[in-house]
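Data first, discussion second: the structure below is written as structure tokens.
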Amino acid sequence: MSAISPDSNATALATLANRLGRYVRSPSTRLAAFAGLLTYLCYAYAHNSWTNPALIGVAIFFAGFMPTYSRISNKIEIWSNNEFGFVTGGRLGRFVFQFAVNLALFAVMLYGHGMNRAGVATVGGIAGAALVTSLASQGLQYLGIYLYARGIGDYNRNVLAGLVVNTVLTALGTAGLPFARDAFLAVGFGLGGLLLLVGVLSDLRSIFAPKGGIGLYFGTFNPVHNTHLAIIKRAMEQRRLDKIIIHPTLIPRLHVEAFRRGEIRVGRLKDGFQIYEKTEKADVAVDYFPTGNVFLPPETRKALIELAVAEAGLAGKVEVIALRETYDSKGFQGVIAEIKRMHPGVRLHTLHGTDFGGMYVRQICDECGWIYPWRIMRRDNISATAIRKGAKGMTPPVVTDVLQQLSQNLPEVKAGDRRFRNDNGVLTEGM
């Protein structure tokens, strides 16, 4: 019979206390708590229900569930995008989930006498209120993501901030206050409706795109694999493109800010890959690694793309660029603007998959003007994630060879007639 060591108990308690402390200190947790309090204050004031148990319960639930609600909304949209391949599908998936949650919460508050029935009737009852607040939520969350893409705020917290604004509008609007109700309806049908319209137009551009022009292919390419090359060849054939410009993600902007704040770091190196990890400063409610935490350095990824393109006989049709200063300051929006400046009046097409990264790139391109999306449904089970986990046979021969040399940590990496200095996985041409 074994005994539990007091030291083990102390360690377990210390670990639990540390996790609880990090959760309490999390900006997302504090924002969610504020949102719960704001929910209570707004509805209590607007509907005169300060002591109503149903409202108090919903406010507490909202404060605890809000970060999870945000993450689930994001994951449903990602799943819907990948399943159907259309922007509209993803946004409708997010909408359906949010509508169901809002309908349930409104029902609890209405039948628990936490809301004014007459006021709710002015916006179409609980179904109408759930519809409008879900549309408004879509629009305000998209606005938060739009700002994040331009270097303002954090992806998850911007989404949460949009939900907070929506809470205020909904509480006042469902009370039947004339100006508040009008603002509530305007934001819901205006901003939310506009977002759905933009998605529909994007999907129509992807279906009825004209031929010719230049393709833009953005992504992490971590590392470049056989499907990347297949996408390039198929897009060139189907859209009759003059050439394709590839610009790999250098360091994702989410990670740049997290590194700056000390929330993530490079924990270790493995087979030439950098392993990112969260620190004690990390926000427990933020998903820092939606596409994984294992990365080849950007210089290495660019070199591998060039080698793979040349080996496939596409060097004259594909241009690999890396506008570091432009990307670091303005992201892919700035890169697209620079490409437009270099190729004035030329028709542009976006090549992308239907995974998280691919649809995020598509959203950026939709925001940058009339660019024609060309999407491919990812159904071949080839992925950079699988390669990073050790899968074989998914990369072009030259990439396979270079990755093997990196795994041996050779000081010099050779690929054909090109020579690279290997500095902890960072490839620099020339010795």
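Need the failing condition index for G353 against (1) surrounded by fewer than 18 Cβ atoms within 10 Å (Cβ to Cβ); (2) of a type in the set (G, A, S); (3) within 12 Å of G219 (Cβ to Cβ), just the number.
Among (1) surrounded by fewer than 18 Cβ atoms within 10 Å (Cβ to Cβ); (2) of a type in the set (G, A, S); (3) within 12 Å of G219 (Cβ to Cβ), the lone unmet condition for G353 is (1).
With the condition kept exactly as written, say whether any residue in region 110-129 is buried (at least 20 other Cβ atoms within 10 Å of the Cβ) and more than 26 Å from L55 (Cα to Cα).
no
Restricting attention to region 237-252, which residues are touching an Asp or Glu at 6+ places or on another chain (Cβ under 9 Å), surrounded by fewer than 19 Cβ atoms within 10 Å (Cβ to Cβ) and not in a strand (DSSP E or B)?
Scanning region 237-252 gives a single hit, I251.
Going through T39, T51 one at a time, which residue ends up being more than 25 Å from the chain's Cα centre (by Cα) and without any contact (Cβ under 8 Å) to a residue 40 or more places away in the chain?
T51
Could you please find all residues in region 381-431 being part of a loop (DSSP other than H, G, I, E, B), within 26 Å of the chain's Cα centre (by Cα) and either β-branched (V, I, T) or surrounded by 12 or more Cβ atoms within 10 Å (Cβ to Cβ) (or both)?
Correct list: I382, S383, A391, M394, T395.
Does I364 satisfy being surrounded by 12 or more Cβ atoms within 10 Å (Cβ to Cβ), among the aliphatic types (A, V, I, L, M) and over 23 Å from G90 (Cβ atoms)?
No.
Being in contact with a Phe, Trp or Tyr (Cβ under 8 Å, 6 or more places away or on another chain) and basic (K, R), is that true of even one residue in region 278-285?
Yes, that holds for at least one residue.
Taking the condition of being small (G, A, S) and buried (at least 21 other Cβ atoms within 10 Å of the Cβ), how many residues in region 209-234 meet it?
So the count comes out to 2.
Residue check: is I214 within 26 Å of the chain's Cα centre (by Cα), modelled with pLDDT of 90 or more and more than 21 Å from I76 (Cβ to Cβ)?
So I214 passes the test.
Please go through region 270-289 and pick out each residue that is out of contact with any Leu (no Cβ under 8 Å at 6 or more places or on another chain), buried (at least 18 other Cβ atoms within 10 Å of the Cβ) and either under 19 Å from T68 (Cα atoms) or not hydroxyl-bearing (S, T, Y) (or both).
K278, A282, D283, A285, V286
Identify the single condition in (1) without any contact (Cβ under 8 Å) to a residue 40 or more places away in the chain; (2) assigned to a loop (DSSP other than H, G, I, E, B); (3) closer than 20 Å to G358 by Cα that H255 does not satisfy, given that it satisfies every other one.
It is condition (2) that H255 fails.
Just a yes or no: is a residue in region 379-393 modelled with pLDDT of 90 or more and not charged (D, E, K, R)?
Yes, that holds for at least one residue.
The values are calculated or read from the model by the stated rules, or taken from the named source; none is laboratory data. It should be emphasised that the depicted structure is a prediction, and the values quoted were computed from it without experimental measurement. So basically every Cβ, Gly included, is an ideal-geometry build from the backbone, and we count neighbours across all protein chains shown.
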